[in-house]
Amino acid sequence: MSDNFPPPPPEQPQPEHRVPVGAPHPSPWAAPPVPPGKQRTGVVVTLAVGGGLVVAGAMVTTVYLLLDSVSEAMERPPARSKAPYSAPYEYEEEPGDEEPVEEPVAPEPDVKRDVTITACTRDPRIGWQSADVTVVNGSSSPADYYIGVEFLDRDGATVSEGVTGVVGLAPGKTSRKKVQGLDEVPQGTTCRINDLSRTPSSEE
């Protein structure tokens, strides 16, 4: 050894880790012990998470019970009112509220009784047929009449037609009209009223 380098210092004895009496010897493969501060943090986190789950479960249960009670209340029939029964209000009419009663009006006689065919003639020169009609107003007011006549051959077929009218015929009065056909018809043709109406007259 050279004289230029000082001798190394003597080795210092290392303190030995003594195991308490009666404690098991730690395994050489075991994880190092956790410091006390980290253990407390883990316990706090576990308690917080568990408490949150409990609170959430309690809230869900409360909401479910509320919804169940609301649905049962909606399904129940409405409670009957305990108010005493009262009869419906009856309206009493005043003497002046009565509606006037209309007197029944007698129906007018059938218009068919008012019109009569008095003659049915064929003109021998031109072969046209005509009918003479008499109108008697059997109603209670002035009336207008519309009269249609058809001319039939021996087989009952219509061979010609004609119309006439009476305006403002007073009740009980009589009017005579001639209904002229406009077609040549065979001999033996007959006359028949096929259209008839009576309306109140607007003529004074």
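Quick test of your reading of the structure: Ala119 fulfils all but one of (1) surrounded by fewer than 16 Cβ atoms within 10 Å (Cβ to Cβ); (2) part of a loop (DSSP other than H, G, I, E, B); (3) not aromatic (Phe, Trp, Tyr). Name the failing condition by number.
Of the numbered conditions (1) surrounded by fewer than 16 Cβ atoms within 10 Å (Cβ to Cβ); (2) part of a loop (DSSP other than H, G, I, E, B); (3) not aromatic (Phe, Trp, Tyr), the odd one out for Ala119 is (2).
Scan the range 122-136 for residues that are among the small types (Gly, Ala, Ser), open to solvent by less than 10 Å² (accessible area, probe 1.4 Å) and part of a strand (DSSP E or B) and report the count.
Count: 1.
Here are the criteria: (1) open to solvent by 40 Å² or more (accessible area, probe 1.4 Å); (2) hydroxyl-bearing (Ser, Thr, Tyr); (3) over 51 Å from the mean Cα position of the chain (by Cα). Tell me which single one Thr199 does not satisfy.
(3)
Only one of Val105, Val111 is crowded, with 17+ Cβ neighbours inside 10 Å, within 27 Å of Glu203 (Cα to Cα) and modelled with pLDDT under 95; which?
None of the others qualify; the one that does is Val111.
Considering each residue of the range 153-169, count those that are in a loop (DSSP other than H, G, I, E, B) and either within 53 Å of the chain's Cα centre (by Cα) or exposed (fewer than 13 other Cβ atoms within 10 Å of the Cβ) (or both), and give that number.
Within the range 153-169, residues that are in a loop (DSSP other than H, G, I, E, B) and either within 53 Å of the chain's Cα centre (by Cα) or exposed (fewer than 13 other Cβ atoms within 10 Å of the Cβ) (or both) number 4.
Please tell me if Glu150 is surrounded by 15 or more Cβ atoms within 10 Å (Cβ to Cβ), touching a residue at least 40 places away in the same chain (Cβ under 8 Å) and in a strand (DSSP E or B).
yes
The values are calculated or read from the model by the stated rules, or taken from the named source; none is laboratory data. Just so you know, these numbers come straight off a predicted model, no measurement behind them. Please note: Cβ atoms are built from the backbone with ideal geometry, for glycine as well, and neighbour counts cover all protein chains shown. Heads up: the accessible areas ignore ligands, DNA and RNA and are worked out on the full protein's heavy atoms, side chains in. Shrake-Rupley method; radii C 1.70, N 1.55, O 1.52, S 1.80 Å.
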